[in-house]
Every structure is written in structure tokens, then in C-alpha cells.
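**Student:** Handing you a structure now.
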Amino acid sequence: MKILVINSGSSSIKYQVFKMPQEEVICSGLVERIGLSDAEIHYKSPTNKIDEVLEIPNHKVGLEKIVHLLLDAEVGVLKSTSEIEAVGHRVVHGGSTFSKTTIVTKEVKDKIKTLFSLAPQHNPANYEGIVVAETMFPNAKQIAVFDTAFHQTIPIEAYKYAIPNKFLEENKIRKYGFHGTSHKYVSEKAIEYLGIKNSKIITIHLGNGCSMTAVKDGKSIDTTLGFGPVTGLVMGTRSGNIDHTIIFYLVNSLGYKLEEVNSMLQKESGMFGLTGFSDLRDIEAEAEKGNKECQLALEMNAYRIKKYIGSYAAVMNGLDAIVFTAGIGENSDVIRKLVCANLDYLGIELDTEKNNIRAKQITEIHTENSKTKVLIVPTNEEVEIAKQSFELLK
């Protein structure tokens, strides 16, 4: 069975075509920096490799370009769209309706649309991916894999907010958590690698969107993102945690509309709000040149991560390993160094030489004396989506 996996992030689209159940990758690629004039599209098959810089204004255009490459007479890996039996889609917010992988129907699409306001940078892009794929691959089953599903094991004391009970009971307002597909994949890989049965691991997913998860004995017991994907860590354009009275002050005293504040916290804050750049590579380059705003933003970013490492080590009553993953987690030696500095109380000691690496496989970057393991585990949400899609259909 050939399965196309589409993973639409807030500013990127990862894609892979798999032959299942062998998990053989037929082709893979990435569209990144969507919305910018210097967006990039990458395409790799056993016989061809394409890297282009061009303007990709939105996810729809990016998805159409991917499909055209897959079907291209010279470089494509598909002769016909009918070769694809299923398209697996990452969908960020499943709300209280979806706790497992689901075949897409009109009702499912309608429900995903109702959750746009809870994940405005993601669910619309995920929905767009489904709509485009339905058009391009009309004979394939469309399958939604929800980021919130892995976090269904979080206990009530962690997912319930201290607001009147009726809002949980009647409106399902609670912590849902996100990036679950990635946290599930890398935590399982880390546990297998470490060979620990009763494990206490913190997975740190750092991309344009960021989150951390406390994974105890293979199950998510707490995570930094909540009802929507804005809380927790400092992200590319999202604020992470702020004092919620700031929102009322912006509206009641400074005259902002609620829609403007929502947009600000989602699209104009985080690293972008602090520096004017949303791509960490640009921020690190500017910091290296002496840009004080960029230097401070990197420190703030790492500081927030440190706070959650401490709190999650506390709720798990111990810590076997921390895992860095996703675009920034896997590639930024700067962030990893800042995060791990002065954490010897928790048994974390980073080896600076080992840290200067772009790992393509599970890699240890701690010193020999470090009591807590520090791992880079490259995420592969796409293979996890392919596995779940195949299991649903077989």
C-alpha cells in the first residue's frame, strides 16, 4: 500500500510517500518559510533531488506544488494518483471529539473547521491539505491523525483548569496538548534506545511551534500547550505563557479589540515580537553579530524551557533523560547549550563537542558523568502518521 503523508505546520509542509507496511520511503520533501518571498521547496527521491527558492504565499500553493512534483513525468514517483491508496494528514486540534485516528468524512471536516479558532495557525492549514488532497487524489482514503490524541492520558489534576466546573463538564474546556504525534514517536524511540522499563523522560519539541511533554512509563502525563497551541514555551510567533490580565489591560485600557489581541499573541509575538525575525536561524545569525535583542530572545527562550524541565522532573519525581527534537531541537546547538547550562542539580551535563552536531539518528550529547541522559532524537511524524493510517485500513 502506498500512503502519502502530509504534515502541515504553521509555516511549513513536510511530506513523504511510504510503501507500507515496510515503511519504505519512496520520496520525501519539505516546503518551508511559507508566506515569505524566499520560501523553499525540497524534493528527494531515489533518483532525483530538487531544491528551489521561490515565493509560496500560502499552504494551498505549497501543496499543489508538491503534488505536481510527485506526478511530474521526469522526476515524479507516481504515474497516476490512483497509486495512492491513502493520504494521512496531521491535524493539530481534535478537541474533545477526536481521540484517535479517523477516516475523513464531511462530518469530520466540519468538526475540524469548528476548531479553527482554537488552532488558527494550524487547523486551517490542515483542513486545506485535506481539501487539496481530496481533489488531487480522489480515489484515496483521507485519514486524520490528531496531535491531541497522545495527550489523552494526562490525569485530570493536570488537564483541568481552576475555573468553574461547568466549563469542563459542559464546554469541554481543558488542556488538550499538541505535537502529540511527535512526542509519541520520539519518546518511544528514546525508551527503546535506553532500555528502561519504568522511564521518566521529558521530550522537547522545538520548531516554529514549541512544546514539552512529561512522559512517564511511555505515557504523556503533562504538556506545555493547553486548550489552544499558544501557551507554554516562547515560539516563533506565539507568545507562550503570559499573565492573562495583560489581555484585559490591552482591551480595556489601551483600546485593542479582542481579535487584534488574539492575532498579536498568535502571529506577532514570540521570537518575532522580540526580534523582528521568526526563523531561529536568522535570530542566531543576528545574535552572533551582536544584536542585543536577538541575544536576549535566545536567553528568554532557553529560560522558559529550563523552568519546565524543573517542574516536570518534580511531577515525575525523577528524570532519566531529556530529548531534543524537531527543526530547532535537532539542529540548534546554540539553544541546546543555553538550555542545558547550569542544570547539574538535575544531573544534566552537556558535552559541548558532542553538542556541535546535526544528528541524523539518535545521538547522545551528554558527558560521561551526566546522571541524566541528553539525547537528540530526530522526529518522524510522517512515519508515525503512515503507521497509524495503515493500521486503520488494514
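The values are calculated or read from the model by the stated rules, or taken from the named source; none is laboratory data. Here the structure is a predicted model, which is why all the values come from computation and not from measurement. Cβ sites come from the backbone with ideal geometry, for glycine too, and all protein chains shown count toward neighbours.
**Student:** Just to be sure before I move on: is residue 202 aliphatic (A, V, I, L, M), at pLDDT 95 or above and closer than 22 Å to residue 383 by Cβ in the structure I sent?
**Tutor:** So residue 202 does not fit the description; no.
**Student:** For the stretch 102-123, give me each residue that is outside any loop (DSSP other than H, G, I, E, B), at pLDDT below 90 and of a type outside the set (Val, Ile, Thr). Can you show your working first?
**Tutor:** First, pick out the residues of the stretch 102-123 that are outside any loop (DSSP other than H, G, I, E, B): 102-103, 106-114, 116-118, 123.
Filter once more, so that each one left must be at pLDDT below 90: 114, 116-118, 123.
Hits for the stretch 102-123 are 116, 117, 118, 123.
**Student:** Among the residues of the stretch 130-143, is any more than 26 Å from residue 221 (Cα to Cα), touching a Phe, Trp or Tyr at 6+ places or on another chain (Cβ under 7 Å) and not aliphatic (A, V, I, L, M)?
**Tutor:** no
**Student:** Got at least one residue in the stretch 6-22 being at pLDDT 90 or above, in a loop (DSSP other than H, G, I, E, B), in the same structural domain as residue 131 (by TED's automatic domain parsing) and among the β-branched types (Val, Ile, Thr)?
**Tutor:** For the stretch 6-22, residues at pLDDT 90 or above, in a loop (DSSP other than H, G, I, E, B), in the same structural domain as residue 131 (by TED's automatic domain parsing) and among the β-branched types (Val, Ile, Thr): absent.
**Student:** Something else now. Give the residues of the stretch 71-91 that are over 16 Å from residue 142 (Cβ atoms) and assigned to a helix (DSSP H, G or I), sorted by residue number.
**Tutor:** Passing the criteria: only 71.
**Student:** Can I ask one more? Of all the residues that make up the stretch 296-325, how many are within 13 Å of residue 280 (Cβ to Cβ) and either among the polar types (S, T, N, Q) or at pLDDT below 95 (or both)?
**Tutor:** Counting residues in the stretch 296-325 that are within 13 Å of residue 280 (Cβ to Cβ) and either among the polar types (S, T, N, Q) or at pLDDT below 95 (or both) gives 1.
**Student:** Let me ask you something else. Which residue pairs have Cβ atoms closer than 9 Å, lie 6 or more positions apart in sequence or on different chains, and pair a first residue in the stretch 157-175 that is more than 17 Å from residue 99 (Cα to Cα) and not assigned by TED's automatic domain parsing to the domain that holds residue 230 with a second residue that is surrounded by 12 or more Cβ atoms within 10 Å (Cβ to Cβ) and small (Gly, Ala, Ser)?
**Tutor:** 158/214; 161/226
**Student:** Keeping to the stretch 265-286, report how many residues are in a helix (DSSP H, G or I), buried (at least 16 other Cβ atoms within 10 Å of the Cβ) and without any contact (Cβ under 8 Å) to a residue 24 or more places away in the chain.
**Tutor:** 3
**Student:** Ok, one more. What number of residues in the stretch 168-227 are surrounded by fewer than 22 Cβ atoms within 10 Å (Cβ to Cβ), of a type outside the set (D, E, K, R) and at negative phi?
**Tutor:** 12
**Student:** Report yes if residue 157 is in a helix (DSSP H, G or I) and over 20 Å from residue 309 (Cα atoms), otherwise no. Show your work before the answer.
**Tutor:** On the way: in a helix (DSSP H, G or I): yes; over 20 Å from residue 309 (Cα atoms): no.
Here the answer is no, as residue 157 does not meet what is asked.
**Student:** Please go through the stretch 131-149 and pick out each residue that is free of Cβ contacts under 8 Å to residues at least 60 places away in the same chain and buried (at least 21 other Cβ atoms within 10 Å of the Cβ).
**Tutor:** 142, 144, 146, 147, 148, 149, listed by residue number.
**Student:** Return the residues of the stretch 23-55 that are closer than 18 Å to residue 129 by Cα and in a loop (DSSP other than H, G, I, E, B); say none if nothing qualifies.
**Tutor:** 33, 34, 35
**Student:** Same structure again: From 308, 303, which residue is of a type in the set (Ser, Thr, Tyr), touching a residue at least 60 places away in the same chain (Cβ under 8 Å), under 22 Å from residue 237 (Cα atoms) and not in a loop (DSSP other than H, G, I, E, B)?
**Tutor:** Just one listed residue meets the conditions, 308.
**Student:** Among the candidates 98, 150, 167, which residue alone is in a helix (DSSP H, G or I), closer than 24 Å to residue 184 by Cα and of a type in the set (Phe, Trp, Tyr)?
**Tutor:** Among 98, 150, 167, only 150 is in a helix (DSSP H, G or I), closer than 24 Å to residue 184 by Cα and of a type in the set (Phe, Trp, Tyr).
Residue-by-condition table, conditions (1) touching a Cys at 6+ places or on another chain (Cβ under 9 Å); (2) buried (at least 16 other Cβ atoms within 10 Å of the Cβ):
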position: 326; (1), (2): yes, yes
position: 336; (1), (2): no, yes
position: 346; (1), (2): no, yes
position: 352; (1), (2): no, no
position: 355; (1), (2): yes, yes
position: 368; (1), (2): no, no
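**Student:** Count, please, the residues in the stretch 203-243 that happen to be hydroxyl-bearing (Ser, Thr, Tyr) and either assigned to a loop (DSSP other than H, G, I, E, B) or not assigned by TED's automatic domain parsing to the domain that holds residue 300 (or both).
**Tutor:** First pass over the stretch 203-243, keeping only residues hydroxyl-bearing (Ser, Thr, Tyr): 203, 211, 213, 220, 223-224, 231, 237, 239.
Those left that are additionally either assigned to a loop (DSSP other than H, G, I, E, B) or not assigned by TED's automatic domain parsing to the domain that holds residue 300 (or both): 224, 231, 237, 239.
Residues flagged as hydroxyl-bearing (Ser, Thr, Tyr) and either assigned to a loop (DSSP other than H, G, I, E, B) or not assigned by TED's automatic domain parsing to the domain that holds residue 300 (or both) within the stretch 203-243 amount to 4.
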